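Have a look at the structure below, then the notes.
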């Protein structure tokens, strides 16, 4: 058969489902390539990970069968077992030198903006890190809460023995970092930084405590700062409360020498209106060369200084 693939998101990560699909079909002797409007296919697979990604805009009339999948289309749809158990085909993404994958699936938390509890359920073992890495030395682990799984911790221990460089791209749950885990984290090598999550004021002291206790030598800390909630834009008093919370978390984390990565809250189906201050705060926090500039002093646009937000909220 002739198989066509479409990665709708086109983001900076290879699509794991498409890599498994490719490997499965190649193992059957099928021909696999990225979709081309000038060719004819037996099956075209279209994958969309995010609900906020614009759908594939073109009509497909050169395939016998079209199969759509991914959270962006249907959270209940899963890869058949015979495909999901295949190792990833990195050959379809030749520009990516790192390995990508999950050692666990699911999560012990139940964050309302997240599809994982509904789609994957509680935490459970999924893959061995050696299956993910293959012959590569850098691996991006996309587990939703790797520290909540004994299997996940064992995979981190194995990564240390294999001398791999890691990136926990979903952010580690600081509430689960005891002394043993912290020593393990401190020994690892990192592609960029150790990512932690600080979604609310309740997490601030926990995150700061982990960073202060750490003796990290092979990297630095970067902390996700969640901005806003479902209710942020509905009332001015909610907006002010969220603004103060984000500013307080961001500044206190920067004061102890960690970078911040502010991210505006997205509801599951991308219906939320993102306030302008969240966009500007995210731009400020994610612009590393401005790490010595207070948000109050940030000239985000030629005609707008962020000090105006403080005046607006009467802070």
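Nothing in this text is a laboratory measurement; each read-out follows from the coordinates by a stated rule. On a predicted model such as this, the values are computed, not experimentally measured, just so you know. When we count neighbours, we look across all protein chains shown, and the Cβ atoms used for this are built from the backbone with ideal geometry, even at glycine.
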So how tilted is helix 276-285 from the main axis of the chain? Cα-based, degrees 0 to 90, rounded to 10. 90
Of the peptides 242-252, 83-93, 32-42, how do they stack up when ordered by the mean number of other Cβ atoms within 10 Å, highest first? 242-252, 83-93, 32-42
Can you tell me the 0 to 90 degree angle between the C-alpha axis of helix 236-255 and the longest principal axis of the chain, rounded to 10? 90
On a 0 to 90° scale, report how tilted helix 16-27 is relative to the longest principal axis of the chain, with both axes built from alpha carbons and the result rounded to the nearest 10. 20
Taking the Cα centre of each part, how many Å lie between region 50-129 and region 198-263? 29
Highest-MSF residue in the chain out of 301, 272, 20 [GNM, Cα springs under 10 Å]: 301
For 133-141, 99-107, ranked highest to lowest by mean beta-carbon neighbours within 10 Å, the order is 99-107, 133-141
For volume of the Cα convex hull per residue in Å³, the listed values are [x] 139; [y] 154; [z] 125; which was obtained by calculation from the structure presented? [y]
So how do 278-285, 160-167 stack up, highest first, on mean other-Cβ count within 10 Å? 278-285, 160-167
